Amino acid sequence: MTAHPLFDVGGRTALVTGSSRGIGLALARGLAEAGCTVVLNGRDADRLARAAEELPGDRVHTAVFDVTDGPAVAAGIADVEERVGPLDIVVNNAGVQLRAPLTEFTDSDWRHVLDTNLTSAFLVGREAARRMTERGHGKIVNICSLQSEVVRPGIAPYAAAKGALKMLTKGMCADWGPYGIQVNGLGPGYIETDLTRPLVEDPEFSAWVRGRTPAGRWGRTEDLVGGLLFLASPAADFVNGQVLYVDGGMTSVL
């Protein structure tokens, strides 16, 4: 039995930002396993090269550029399309989390959180869409968050950025949908990664996550792959401006 052709993304070219580790690397792996040519992005060339070696197949590339720097993004996207080929799929995954009481949050940390989680998606999405609109097709998936909807103490700037990313996703849909581009969001809940390891290993916090989540566990990075493949596939050609939350049900219950 073979998969339905609506879900076939084989032969497409995908860029995943912030993909040297964690969620980004897992999403890139899922795309590669599904037959995509995958471009890993980050700022550390050595780390990207090591990540590329972990992925299957011989169609994995790397692109080193800073997604918060407009001219660097323009040059980076141009280089990828010249060197690898036209982008069919862009996954705006780059992100950062800084925790502190809001009254103690510094100006520079605020800008860092917003630039990395929000402005990067605008810059990369805009540059990719300039090319996708000319070709009349494309898929952009912005990695939103459970915190696009709800928030805990100490992460207000992150929640502000992810909430704005949800609305940017809808705005991109409004502007680019008429040109054949679908822009959607994927909203992870609490996912176990190297970066969340301290929270996973905190007995009190981890118990809260399990108790608050109907699924009764932390998410795994592989839990996110199916949602991405759906949003990146022809099966989602009439799905636009939506956020698919993959959170074990947390956003649905009190």
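If you go through region 137-154 and pick out every residue that is crowded, with 20+ Cβ neighbours inside 10 Å and in a loop (DSSP other than H, G, I, E, B), you end up with 2.
Among residues of region 201-225 being assigned to a helix (DSSP H, G or I) and in contact (Cβ under 8 Å) with a residue 24 or more places away in the chain, the one that is surrounded by the most Cβ atoms within 10 Å (Cβ to Cβ) is L224. Taking the criterion of being in contact with a strand residue (DSSP E or B) (Cβ under 8 Å, 6 or more places away or on another chain), part of a helix (DSSP H, G or I) and open to solvent by less than 40 Å² (accessible area, probe 1.4 Å), the residues of region 167-194 that qualify are T169, M172, C173, G177.
The residues of region 78-110 that are in a helix (DSSP H, G or I), under 16 Å from T37 (Cα atoms) and either among the aromatic types (F, W, Y) or in contact (Cβ under 8 Å) with a residue 60 or more places away in the chain (or both) amount to a single one, V80. For region 42-83, the candidate set comprises residues that are within 17 Å of the chain's Cα centre (by Cα), open to solvent by less than 30 Å² (accessible area, probe 1.4 Å) and not aliphatic (A, V, I, L, M); within that set, the residue that is nearest to L31 (Cα to Cα) is G42.
Residues of region 182-200 that are acidic (D, E) and without any contact (Cβ under 8 Å) to a residue 40 or more places away in the chain: E192 alone.
The values are calculated or read from the model by the stated rules, or taken from the named source; none is laboratory data. Keep in mind it's a predicted model, so treat the numbers as computed, not measured. Neighbour counts are summed over all protein chains in view; Cβ atoms, including those assigned to glycine, are modelled from backbone coordinates with ideal geometry. Just so you know, the surface numbers come from the protein's heavy atoms only, side chains and all, with ligands and any DNA or RNA stripped out. Shrake-Rupley method; radii C 1.70, N 1.55, O 1.52, S 1.80 Å.
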